[in-house]
Amino acid sequence: MYPRSLSRLAAPAVAALLALTAGCTGSTVQGRPGASGVRDPFFPKAGNGGYQVDHYDLDFDYDPATGKMDATAVITARAEQGLSSFNLDLSGLEVEEVTVQGAGARFNRTGKELTVRPAKDLKRGEVFRTEIDYAGVPKPLTDPDGSQEGWIPTADGDGAVGVGEPVGSMAWFPGNHHPSDKATYDIRVTVPKGYEVASNGELSSRTEEADGRTAFAWHSPEPMASYLATVAVGKFAVTTGKTASGIPVHNAVAPKEAAASAAVLARLPEMVEWGSARFGPYPFSTTGAIVLPEGTLGYALETQTRPVFSGALTGARGETLLLHELAHQWFGDSVSPKSWKDMWLNEGFATYAEWLWAEEHGGPSAQERFQAFLDGDTDVDDEAASDWAAFPPASPPGAKEISEPPVYARGAMVLQRIRQEVGDEKFFALVRGWAADHRHANASTADFTAYAQEKTGHDLKKVWDVWLYGTERPKAP
Ligand code: ARG
Ligand code: ZN
């Protein structure tokens, strides 16, 4: 099959050719190109305009020995405008063939943008199916803050993980890679015998193929932002169970980390139930965790239904980290940010959940924690001496600061300030209401401040001005 790529033609030549084709047939041009990004304040090229994805069907073969992936992605989307072409985000890998609605489509690639030109323009409102055949060795990407995401070999050299916050998912599948476009997923991965694959949602089948490989089919029935998709390949020890209310648990743990992680992982079901009691019903049909060999990643990630950890979960630190990533299931995963500037809605809430958990399990109260940050008292919290006041949480200076202490700790302090103003009853009603009213959707900082005022009936302008947007270091209220 010859590549249907336009990439060898210069852009003006392509434009002229397309204009000429339209002119020749005398047909009215219905579509126009979809935008190449959704103009996120920090990642302007992330995501694409003109359509929204309903479902991703990813199917790939992965060989841990060579790092090679051979994949097909089927993306079902709805056109939001007439489209003569549309973009997907994809970094690296080789695109072999693209079809739209079953017909061969032309495509070209510029940087991380894959532009697809269907044989026939898509009409506004049309639901269309795009199939992308691609292959290659997926690579890690370096974040603006220097950390690694994308497709990362595990530290034991015998497996890999796909992680995507904020823009790493384009390293392993083409998509509309911005949190504002959430979709359901089916992820099917075939690996050599002896390997396990852990991903998001429900394990709908595990099949021994005739060629001696094993295929794992994972299904995510609830919408997911693409940065929360994950695939982990390794020789994991798998344990399953159920929480008290019956939510199935699936844990995949690197054997070397298993013994040390057992005690903390044993508390996962209790943490999920605790979250349901505090924040409202757990938003997904399954839960669990993926524990990778130590040194694989420099962070943990709240991948949907099944957060990823690097190295054993041990002691109080491991317990807090697990609680943090599970709290994200409500805040970040179910209620997702509208843009990467809204990251404090993820991290401030997840950090506040740590404070609440501690408050109810023999640790300092959230108020004591708040005070410790104001005082820089590291006896209460070792993060208290961090530069949490360096910038306002709702306005990080740039893409490389979205995972900095002001987003986490000061974000949590914003919530404690609200609690101080409105009292416990209204505060917890606000937290539950926020999770319920934006369940499986997206929200911005402006949505939150408006919602908080309406829900509590309090004027919280001063809290927003000083704690959320203020550039000065806030003082004790
Ligand atoms: N969201 C992750 C957490 O639970 C942290 C991700 C860090 N990523 C990064 N690029 N710095 O806090
Ligand atoms: Zn977090």
Practice problem: Evaluate the charge dipole of the chain about its Cα centre and quote only its size in Debye, nearest 20, assuming +1 on the Cβ of each Lys and Arg and -1 on the Cβ of each Asp and Glu. | Solution: 1540 debye
Quiz item: Relative contact order for the range 161-272: what is it in percent, counting Cα pairs under 8 Å that are at least 6 residues apart?
Solution: 27 percent
Practice problem: Would you mind counting up the charge near ALA244? Only other residues with Cβ under 10 Å from its Cβ, with Lys and Arg at +1 and Asp and Glu at -1. | Solution: -1
Quiz item: Which whole-angstrom value gives the distance between the alpha carbon centres of the range 72-92 and the range 345-421?
Solution: 39 Å
Exercise. Among LEU430, ALA476, ALA452, flag the residue with its Cα farthest along the positive direction of the charge dipole of the range 397-477, charges on Cβ as +1 for Lys/Arg and -1 for Asp/Glu.
Key: ALA476
Quiz item: If contacts are Cα pairs under 8 angstrom and at least 6 residues apart, what is the relative contact order of the range 285-355 in percent?
Solution: 25 percent
Exercise. Tell me the Kirkwood hydrodynamic radius of the chain in angstroms, computed as one over the mean inverse distance between distinct C-alpha pairs.
Key: 23.3 Å
Quiz prompt | Charge sum, other residues only, whose C-beta stays under 13 Å from LEU326's C-beta, Lys/Arg counted +1 and Asp/Glu -1 | solution = -4
Practice problem: Could you tell me which of LEU228, PHE216, HIS250 has its Cα farthest along the dipole of the range 162-308 towards the positive end, charges placed at Cβ (Lys, Arg +1; Asp, Glu -1), taken about the Cα centre? | Solution: HIS250
Quiz item: ³J(HN,Hα) across the range 319-334 via Karplus (A = 6.51, B = -1.76, C = 1.60, θ = phi - 60°), whole Hz, x for Gly/Pro?
Solution: 4, 5, 5, 4, 4, 4, 5, 6, 4, 4, 4, 7, 10, x, 8, 6
Quiz item: For the chain, what relative contact order do you get, as a whole percent, if you take Cα pairs closer than 8 Å and at least 6 residues apart?
Solution: 11 percent
Self-check item: Antiparallel bridge percentage (DSSP; both residues within the range 49-191; nearest 5)
Solution: 85 percent
Exercise. For n ≥ 4 DSSP H runs only, could you compute -39500 (n - 2.57) per run for the chain, divide by its residues and tell me the 222 nm figure to the nearest 500?
Key: -8000 deg cm²/dmol
Practice problem: Could you pull out every one of the aspartates and glutamates with an alpha carbon less than 12 Å from that of LYS462, ignoring same-chain neighbours closer than 8 positions? | Solution: GLU421
Practice problem: Among VAL407, THR296, MET170, pick out the residue whose Cα is farthest towards the positive end of the charge dipole of the chain, where Lys and Arg carry +1 and Asp and Glu carry -1 on C-beta, about the Cα centre. | Solution: MET170
Quiz prompt | Filtered trypsin sites (Lys or Arg not before Pro), the range 389-477: DSSP coil and at most 15 other beta carbons within 10 Å | solution = ARG439, LYS475
Quiz item: Any idea of the accessible area per residue across the range 29-114, 1.4 Å probe, to the nearest Å²?
Solution: 41 Å²
Quiz prompt | Under 14 Å from LYS242, Cα to Cα: aspartates and glutamates that are on another chain or at least 8 residues apart | solution = GLU202, GLU270, GLU273
Quiz prompt | Debye, to nearest 20: dipole size of the range 179-310, +1 on Lys, Arg Cβ, -1 on Asp, Glu Cβ | solution = 160 debye
Practice problem: Using the Karplus curve 6.51 cos²θ - 1.76 cosθ + 1.60 with θ = phi - 60°, work out ³J(HN,Hα) for each residue of the range 383-395 in order, rounded to whole Hz, and write x for Gly and Pro. | Solution: 7, 4, 8, 5, 7, 5, 9, 4, 7, x, x, 7, 8
Exercise. Report, to the nearest whole %, how much of the accessible area of the chain belongs to carbon and sulfur atoms, 1.4 Å probe, protein only.
Key: 52 percent
Practice problem: Mind scanning LYS426/LYS461; LYS182/LYS256; LYS45/LYS68; LYS45/LYS182; LYS182/LYS426; LYS112/LYS139 and naming the pairs with a C-alpha gap bigger than 25 Å? | Solution: LYS182/LYS256; LYS45/LYS68; LYS182/LYS426
Quiz item: So which aspartates and glutamates can LYS193 reach, going by Cα to Cα under 19 Å and dropping same-chain residues fewer than 8 places off?
Solution: ASP59, ASP61, ASP63, ASP70, ASP156, ASP158, GLU208, GLU209, ASP211
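The values are calculated or read from the model by the stated rules, or taken from the named source; none is laboratory data. Quick caveat, the model's predicted, so the values are computed rather than measured. Positions of Cβ are backbone-derived with ideal geometry, glycine not excepted, and every protein chain shown enters the neighbour counts. Note: areas computed on protein heavy atoms with side chains; ligands, DNA, RNA excluded. Shrake-Rupley method; radii C 1.70, N 1.55, O 1.52, S 1.80 Å.
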